[in-house]
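Structure first, commentary second.
The values are calculated or read from the model by the stated rules, or taken from the named source; none is laboratory data. Note that the structure is a prediction, hence the values are computed from the model and not measured. Here the Cβ positions follow ideal geometry from the backbone for every residue, glycine too, while neighbour counts run over all protein chains shown. Areas reflect the complete protein model, heavy atoms only, side chains present, ligands, DNA and RNA absent. Shrake-Rupley method; radii C 1.70, N 1.55, O 1.52, S 1.80 Å.
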Amino acid sequence: MRELLVIGMGPGHPDQITVQAVRALNRADVIFRIDKGDAKSGLNAAREEILRRHVSGAGYRVVDIPEPPRDRSPELTAGGYRDAVGDWHEARAELIEAAIAAELGADGVGAFLVWGDPSLYDSTLRIIDRLLARGAVDFEYTVIPGVTSAAALAAAHRVPLNRVGEPVFITPARRIAGGLPEGLDSAVVMLDPGFTAGGFDDPALTVFWGAYLSTADETLISGPLTEVAEQIAATRAELRARHGWIMDTYLLRRD
């Protein structure tokens, strides 16, 4: 039976991929890669460097799967957002299903290199559940964990994510548009299309921000939010214009 390996690759540095992940990659016949286009070619470059550095043989093939369009309208309601993501997942599932059927033999091993870790704000595992439910292709699958961007952010700034005995809140930016939830003093913010926290007028908040974590382009800014918010927003815009894409996250902490 076919086997799929869902491999967390970390935030992009080849040294942050685990020994377990290296062993898994060296078993793969086909590396499936979601092609997000030229604007995000840096993502594929990081994957290529990991393969070059860690796969000892040349017996694998890379198969690109085009990224289907997704409705990212900012005015989507919570229900509309979930529906839009569901439609996007279904379109992805159809393309991945077709690629597996066409490119992976009945006893072949295929692999997906997932940015960061598959457990945190990644759609791959949900899409695999859809594929199994559809029943058009049979396979078993294994998940290999990776370094998360939250862990890389904390390491880069040399801070823990939580304080003693306190929780840490991990959230997409759209869920904190009105500020941090009451009673939570530490939050890791991901999937921010801009810099949502820049609109907060709270002098008690400190921010630890990072872009392109663990890569040669890593950029870090930290300090009282009201003092560095404009610098982060300007730096983020400049980096996005320079590279054509940006992946960033930040920790908010209330003093």
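The table that follows gives values for the structure above.
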| item | result |
| --- | --- |
| FRET efficiency, D201 to A234 (Cβ-Cβ, R0 25 Å, nearest 0.05) | 0.85 |
| Highest average packing first - 215-222, 105-112, Cβ atoms within 10 Å | 105-112, 215-222 |
| Backbone HN-Hα couplings from phi across the stretch 133-147 [Karplus 6.51/-1.76/1.60, Hz, Gly and Pro as x] | 5, 5, x, 7, 10, 9, 6, 9, 9, 10, 10, 10, x, x, 6 |
| Between helix 41-54 and the chain: long-axis angle, C-alpha atoms, 0 to 90°, nearest 10 | 60 |
| Among Y81, A204, S214 - extreme Cα towards positive end, dipole of the chain, charges at beta-carbon | S214 |
| DSSP beta bridges in the chain [antiparallel fraction, %, rounded to 5] | 40 |
| Fluctuation leader among I170, I144, I96 - the chain, Gaussian network, Cα springs under 10 angstrom | I170 |
| Cα centre as origin, Lys/Arg/Asp/Glu Cβ charges: the stretch 165-204 dipole, Debye | 220 |
| Accessible surface of the stretch 1-63, 1.4 Å probe, proportion on carbon and sulfur as whole % | 47 |
| Rg over Rh, two decimals, the stretch 42-196 (C-alpha only, Kirkwood Rh) | 1.00 |
| Chain lengthening between A106 and V63 when straightened (0.36 nm per residue, less Cα-Cα) | 13.8 nm |
| Whole-percent carbon and sulfur share, accessible surface of the stretch 79-201, 1.4 Å | 51 |
| Accessible-area ranking of W88, W209, largest first, probe 1.4 Å | W88, W209 |
| Average accessible surface area per residue within the stretch 1-152, 1.4 Å rolling probe, Å² | 49 |
| Whole-number percent relative contact order across the chain, with pairs defined as alpha carbons under 8 Å at least 6 apart | 24 |
| Folded to 0 to 90 degrees: helix 225-243 orientation relative to the chain principal axis, Cα | 30 |
| Euclidean distance between Cα centres, the stretch 191-246 to the stretch 85-139, Å | 32 |
| Relative packing of 4-11, 125-132, which averages over residues the other C-beta atoms within 10 Å, highest first | 4-11, 125-132 |
